[in-house]
Structures are given as C-alpha cells and as structure tokens.
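Have a look at the structure below, then the notes.
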Amino acid sequence: MSRQAVGAPLSRVDGRLKVTGRAMYAADHPTDGVVHAAVVGSTVARGRITGIDARAALALSGVLKVISHRNAPRLAYRPNPSSNNPEGGERLHVFQDDKVLFHGQPVAVVVATTPEAAQHGASLVEVRYDAEKPSTDLTGTPAHAPVTYARGDADQAMRSAAVRLEMTYRTTRNHHNALEPHATIARWDGDRLTVWDKTQWVVGTQKELAAVFGIEPDAVRVISPCVGGAFGSGLRAWPHVTIAALAARELARPVKLVLTRKQLYSGTGYRPAYEYHLRLGSDRRGRLIAMVHDIKAETSSYEDFEEGVLAAGQMLYSMPHVRQAYRTVPLDVNTPLYMRGPGHATAAFAIESALDELAHELDIDPIELRRRNEPSEDESDGTPFSTRRLRECYTLGAREFGWDRRAPEPRSTRDGDWLIGMGMAAGVHTTRRNPAQARVLLDARGSALVEAATSDMGPGTCTAMTQVAADALGLTVRAVDFRLGDSTMPPTPAHGGSQTMASVGSAVQDGCDQLRRQAIELAVADERSPLHGADAGDVAVTDGRLHVKDDPARGETYQQLLARNNRTRLETLGSFTPEEPRFSMYAYGATFAEVAVDHRLGLVRVRRMLGVYDVGRIISPKLADSQALGGMVGGIGTALLEHTVTDHRDGRIVNANLADYLVPVNADVPDLRAIYLDGEDREASPIGVKGLGEVVHIGVAPAIANAVFHATGRRIRRLPITAEALL
Ligand code: MOS
C-alpha cells in the first residue's frame, strides 16, 4: 500500500521552482513589445486638480504618453456585485474627473519604453491642486450610521452587574507589506483583454475589469500562477489594474505597471485603524453577564468598508446580554481591505485583553475564567456548534506551555533586567465556504492534471490540493500536477478568508472521486479487464493500479485500462456547493506567549509562543506549520511593531517604506510551536477542514499584550505596544 498523501508532511511541490527563481510572478511574464507605466500620485489628500503640465515628461526620451482625466476615455464602471468591492459607496473611478479623495491617488500615468523613463517622466509631471484640509484622524470624526446587534438588555444588565469594567482599545492601521509588489501586465488583442496580475482572485479581477470597461467577462482573461504574499491585499482589483489596461488600450501596446513600495501604501488597502470601546459586566465568580461594544473604524469617503468585527462578541463567550454598534468613519483616505484575520483579530485584541483584565480584577486564572464562560451553543442564534474544542485547546496548551509555572501576580518574575510574563488568548475565525469547481484529467500515461482558478498567495495551495487529489485518485503525489491561477480554469471563490482548502479542496475531492469511480466502472464492465464482473464498491486504486480490495493481485493500471479502451483521457468536473448551514462553524485556537520586558528601556521581546488549534482536518502538516508560525510572526508585528503613520496635517503616510514601517525580522521571532487537535469537521466541508490561515493570527496580539501586563503590571490598550508606551 502506498502511504496516504493527506496528512503526510510533504514539502511544497513547487518549492524547487520558487527557490531557483523560475516561478513567474506578475511582473515576470515576458510579453512582446511591452511598454512601462508609472503612476503619478496626488500630493494632496483632498481637493481638485486645477492643472496638469506634462510637457517636461513628454519631452523625455522614451516617454510615449501621459494619461490623466484631461485625456482619458470615459470608462463604463458598471456595478459589480460579485466582487470584494464594499456594498456601500462607489469605487474610485480613475482619471474620470478632477476630484482628489486621498493622498497618493493616481492622477496621471506616464507610459514609456523603459521603466526608468516612465518613473523619471512621472517625477516631471506637474500637477496643480485646489487643496482642502483633509480629515484623516479617526478620533473625534463623525461616523456613518452603525451596524448593530443586541440580545437581552445589555445596558440595564450592566447597571446591576457586581463587577463592571470599561475600557477603550485602539489599533493602528496596518499594511499588508507582502514581498511581491502589486503589478499588472495588460494586453489587448482586439476587444479581448489579457492581464497578468498579482491577485488572490483571478475570477474576481476578471469580473471587475469587465465591469469597469463595460465588456463581457468572457472577453477578459486573468493569469496569476504565483503570488509572492498578499495577506488580503490581492482580494480586490485596485485602481492600478484598471490603469494598466486603460494605458494598454490607449497605446495599443502591452503595458506593464509595477507599483513602487511607497505606492503600495496608497494604491492598495490595509487593515483599518479601530477604536474599540468595551464595557463588560460579570458576577463575582467571573460569569459574564453583559458586554457592550462600541466600535469605530476608518473607511474612505467614497466606499464604506465593513468587516466581520462583530461575530466574536456574539458567540465566543456565554452571556445573556450583548449590545454592539459598529460605526465606520469616512475619511480622506483610500479604502481599507481585509488583512489576515480581518475583523476577528481586532475584536480579539479588545475582547481577549478585557477577559484578562477581568481575570486580574477577580483574581481568577485567565484560562479558568474562559472555561467558566464557555457556551454550549452559538448564543447569537441558538445553533449548535459543528465542532468547538476550545477547552481542549486550553488544556493541551496550558500543559505544553507550562502554564502552571506562571506565578499569578503580575510583575513577580524577573530575569536580570528583564521582567518575565506569560499571557494567553483565544482566537476564533468564521469557517467560510463558497461554491467551487475543479477539472480533473487523467491521461493515457496514468498521470493526472487537476485545475482550478484559485490562487496560492503562499499557503501552498498546489501542494495541499495535490495531496487531496493523489489520495482520491489512488495516485502517488508525483503523478498529480495541480494548476491554478487562470480565469479560464473552473471558477473558485476568492483565495482568502481561509476558505480555499474547504471550498476548492472539496471540489478537487469530488472531481477525483468521480474520475476514480468512472475508471472503476469502465474496468468492471470491460470483459477484457481482470476486474470484469467485480463489484465496483470492492475495487480500490493504489499507486495508479485498480484492484480488488481483498484480492490485490487481481487488477490493472489506469494506463492499461485506458490503452485497451482506446481512451486518451478521462475527464471530470468536480464541484462543491455548500449547503445552507445548520451549524455554527468556526475555527478556534488558543495562543500562549511568554515575553521579557526590559524594565528600564521598555523593550519587549517575545521569548516563546505556542498555538493550539481546533481547525478540523489537517491536510498538509508541514504547510499548516508554515501558516501557523507565519501567523504568529504576523501577530508579533501587529502586537509590537506594525504601524502605518499618517500626518494628519496633509493626510500623507510618512512611513511608506520597509525601513520605517517595522515588520518582524528573524531577531524578533523566538521559538514558535503549533499543535493541531486531531479530528475533522464533516459539517464544515466534505474533506473535514475548517480553515486555518486566519485563526493562527487572531489570538497572537492579545496573548502578547496579556503577557506584557503579566510581566510589568502595565495594561497597554493600544497597538502596537511600543517602548514609549511602557516607559
Ligand atoms: Mo485573507 S485577509 O482573507 O487574504
């Protein structure tokens, strides 16, 4: 018997391609006759363009054209409901009018024969503005009408609660800062548009370009075989994608547009800044009675971006009374977008810090406090949980992390100049699934090609899908080739929200199951097959050979079967359509952190971290670790380092580069360990997975903040936790 591929610690099937530099990222694709575009960004955050002087740019050798609202054609900008465009408001229409809505907004594009000439040209375009004072500060700015939720009477219950806490938590804007910059190559062949793009959703970008240009989606092809990290930034087609396509049409030549590192901060989305006001009431034994969440988050003036910040407050802990109000505040900024653990991560910082504050107030162990408030059903709507094993996460995590060595009193453990603290936090993320398809093709050599229009922004989609396909087809991993990232492939949902494995993986499983059954049916009906007359249910496939389960000697290979039947291939289309959920489905985790804080310098070092996860079945343990450890590294960034700084006087981001925007480097990252509870969740998806990529990030920042409190006795309610805050 060959070993099962699912559950085996396989290395990335495309690892060699990537480490040898042969993987093709968006800007790498060779295109004959390509010319280069550089965006000119506005230098004011609000106002009108009063003049554009492109003469100096146009005089430059190699510059072909400068396009702005003065000479750009009108674009259709049809509504596009099947997108990650926010429901409220309207996306930025590039070069359609003289309005400036945020600092760095594209106001012109220079196209030239070389990238250098384009960049130089862009620096020479003179734009004059009638500027107004922008509003970019979340604090004290009027908000949109709130999204609300209520059960019980939280305000009344708060008044009678024996223990009451009231806190405001603040998080800053974070940018995705993936290694690969956003880039697009666009080429028109008559009325047909082909785009090589950095995207987490080729189908989404295809539909968005079709809507923007007023053409049919079939006339647009989007290709994106490799994505060099994204963390959510590739979930929308941003204005530069339109600009590349527009410029290509105007010049009747293929155009390549690569955003500069600086332009990524205004040209794509970000995790919005939040102000999270939380009131909490409990009895003396720590049983929660009520929570009141008043949440404010930034959005742009032209789109109302909302994310799933409310869910955890409704279902993570048991309590009769909850009231929530979530207000977005329109500012003169570009529109935010999902970033790893969107909404949930911010909610976790507030809620999980607050639980820690309550534990301290009542002198109850933080884990014990959480146990006392563990619900038996989803109290937001009374549905049962498909699986919820948070208690096991706590028990296992406490044991493996050595939680019993934690002296309860804050500021009670020292190591020289360092104050040592341990903290923990729960994390929860919605199990998301959406319809997906996958094509499966078995060729005459007995090798399989499996295709779906999904992406791989880094989790290792090709590898995990290969594992699922190999087992379902009865092939070795080597005999399976999984391809993705082309809108001509079977459609899939956005590669985000931790839904790829559950959705696309289930479609792959279905397509491969169908194909294996088709081959078995063909064999048992074939008089010349050794399997003729066998019961199809008794036939299995191992290493590409169909055989009777109880009589492995009786059988034949896919190759023999196809050759004898004059078939060059077998082909199926697998699909997954999620049923109306009857269960409350979430992935869970418990994150533990130990920190050391230099009591004189306020320096925080994370010493070790452990995550224990209830995420259903683990398809690919090595890749799961890559996700979990990466999620923890990202969480260290959110907790201690990442902070997009805006100068509110002019709305400019002042640290739009990787020298001043801090992300964790090797020296910031200690020993990290991830543990996954055995098991699966068949309600969540046919292949038993709940989704992993987000939940591993979600509890990290509060676990670190709680550890900092335990180390120092100082409660920091603002991220990132800086040395200044601790001094
Ligand atoms: Mo993730 S924020 O859904 O890419």
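When the square roots of the Cα gyration tensor eigenvalues are ordered a ≥ b ≥ c, the ratio a/c for segment 334-392 is 1.5 or more and a/b does not exceed b/c, which makes its shape oblate.
Gain on full extension, evaluated as 0.36 nm per residue between Arg607 and Ser412 minus their Cα-Cα distance, stands at 68.5 nm. Where in segment 119-136 does the label zone of Asp98 land, with the point 7 angstrom along Cα→C-beta and an amide N cut-off under 17 Å? Answer for this model: 126-133.
Summary of the geometry: segment 213-277 and segment 577-649, compared by the centres of their Cα atoms, lie 27 Å apart. Helices meeting the span-like rule in the chain (full DSSP H runs, Cα extent of at least 15 Å along the helix axis, mean Kyte-Doolittle score of 0.0 or higher): 202-213, 239-251, 344-362, 461-473, 500-524, 621-636, 700-712. Quick check on my link table: of Lys262/Lys296; Lys99/Lys198; Lys622/Lys690; Lys65/Lys256; Lys207/Lys622, which ones sit more than 24 Å apart, alpha carbon to alpha carbon? Result: Lys262/Lys296; Lys99/Lys198; Lys207/Lys622 exceed 24 Å. Placing unit charges on each Cβ (+1 for Lys and Arg, -1 for Asp and Glu) gives segment 65-131 a dipole about its Cα centre, and among Tyr77, Gln105, Val94 the Cα reaching farthest toward its positive end belongs to Tyr77. Among the trypsin sites (Lys or Arg not before Pro) in segment 572-638, those placed in a DSSP loop whose Cβ has at most 16 other Cβ atoms within 10 Å are Arg582, Arg600. Report the label-to-label distance for Asp189 and Thr168 in nanometres (one decimal), using points 7 Å from each Cα along the Cα→Cβ vector. Modelled inter-label distance: 5.8 nm.
For segment 315-351, backbone nitrogen atoms closer than 17 Å to the point 7 Å from Asp153 Cα along Cα-to-C-beta are found at 320-324. The residue list Ala37, Ser386, Pro330 was ranked by how far each Cα lies along the charge dipole of the chain toward its positive end, using unit charges on Cβ atoms, and Ala37 comes out on top.
The magnitude of the dipole of segment 554-700, with charges of +1 and -1 set on the Cβ of Lys/Arg and Asp/Glu and taken from the Cα centre, is near 500 debye.
For Asn71 and Glu392, the difference between the fully extended length at 0.36 nm per residue and the C-alpha to C-alpha distance is 109.3 nm. For segment 1-140, the mean projected area of the C-alpha convex hull, equal to one quarter of the hull surface, is 15.8 nm². Ordering Met465, Met158 by the number of other Cβ atoms within 10 Å of each residue's own Cβ, fewest first, gives Met158, Met465. Roughly what would the spin-label model give for Asn657 and Asp294, points 7 Å off Cα along C-beta, in nm? With each label placed 7 Å out from Cα toward Cβ, I get 4.1 nm. Evaluated with a Cβ-only charge set (Lys, Arg +1; Asp, Glu -1), segment 199-254 carries a dipole of roughly 100 debye about its Cα centre, given to the nearest 20. For segment 518-611, GluC sites (Glu not before Pro) meeting the loop criterion (DSSP other than H, G, I, E, B) and having at most 13 other Cβ atoms within 10 Å: Glu527, Glu579. Each label point was placed 7 Å from the Cα along the Cα-to-Cβ direction; for Arg483 and Lys262 their separation is 4.1 nm. Basic side chains Lys and Arg get +1 at the Cβ, acidic Asp and Glu get -1 at the Cβ, and with that the dipole of the chain about its Cα centre reaches some 1000 debye. Dipole orientation for segment 249-316: of the candidates Ala312, Leu251, His293, Leu251 has the Cα lying most toward the positive pole (charges on Cβ; Lys, Arg +1; Asp, Glu -1).
Restricting the calculation to alpha carbons of the chain gives Rg and Dmax of 27.2, 84 angstrom.
From the Cα gyration tensor of segment 487-594, with a ≥ b ≥ c the square roots of its eigenvalues, which class applies: rounded if a/c is under 1.5, or else prolate if a/b is larger than b/c, or else oblate? Judged from the Cα gyration tensor, segment 487-594 comes out prolate (a/c at least 1.5, a/b above b/c).
The numbers here are math on the coordinates, done by the rules we state, and not lab data. Owing to the predicted nature of the structure, the values given are computational and were not obtained by experimental measurement. Because the Cβ atoms are built from the backbone with ideal geometry, glycine has one as well, and the counts that use them run over all protein chains shown.
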